[in-house]
Amino acid sequence: MAKPHLLESAGRNEFVSHCIELLGSAGAVRSRRMFGGHGLYVDDLFVALILSERLYLKVDTATRPDFEAAGCVPFVYAAAGKAVALGYFSAPEEAMESPPLMQPWARRALAAALRARAEKAPARKPPAKVTPPKGAARGRTAKT
């Protein structure tokens, strides 16, 4: 089996490396330290979190039922005394065993990330500033 295309990040532990290998069939994977854990990107789309040696994959309304049916749990953290749930669910235990078992779940996470990106409104550019050509008189009209 061909090795997945991995982009190296400094400071990775074995679990992070294992998760990168699991997601490698979905595309080029890179990790980045964040939130006291790691974020995983597939082809520059944020698709997973690793916190406390647990992999959480991106979900949305289309994929959440699949994760719930597989017994996965949502990523939840406490903020200002309240539980806050993000759009990430733990990966199914059996999927953590091999890249082929993870592949359908990685594809779901990637699809959710693609849909989330498509839903975001494109950033509006400020109107272009119109400047007169060099040497042109400002506020004057040419006499004929």
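Of the residues GLU21, GLU8, only one is more than 16 Å from PHE89 (Cβ to Cβ) and either open to solvent by less than 10 Å² (accessible area, probe 1.4 Å) or at pLDDT 95 or above (or both); which? Outline the logic, then answer.
Details: GLU8 fails: either open to solvent by less than 10 Å² (accessible area, probe 1.4 Å) or at pLDDT 95 or above (or both).
None of the other options fit; the residue is GLU21.
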Select from the range 46-66 the residues that are free of Cβ contacts under 8 Å to residues at least 24 places away in the same chain and either under 20 Å from HIS18 (Cβ atoms) or touching a His at 6+ places or on another chain (Cβ under 9 Å) (or both) and list them in ascending order. SER52
Residue check for GLY71: modelled with pLDDT of 85 or more and either buried (at least 18 other Cβ atoms within 10 Å of the Cβ) or outside any helix (DSSP H, G or I) (or both): yes
Is at least one residue of the range 51-60 part of a loop (DSSP other than H, G, I, E, B), among the aliphatic types (A, V, I, L, M) and open to solvent by 60 Å² or more (accessible area, probe 1.4 Å)? no
Search result, residues across the range 76-106 that are crowded, with 18+ Cβ neighbours inside 10 Å and in a helix (DSSP H, G or I): ALA95, MET102, TRP105, ALA106
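The values are calculated or read from the model by the stated rules, or taken from the named source; none is laboratory data. Everything numeric here is computed off the predicted structure, so don't read it as measured data. So basically every Cβ, Gly included, is an ideal-geometry build from the backbone, and we count neighbours across all protein chains shown. Heavy atoms of the whole protein, side chains included, go into the accessibility calculation; ligands, DNA and RNA do not. Shrake-Rupley method; radii C 1.70, N 1.55, O 1.52, S 1.80 Å.
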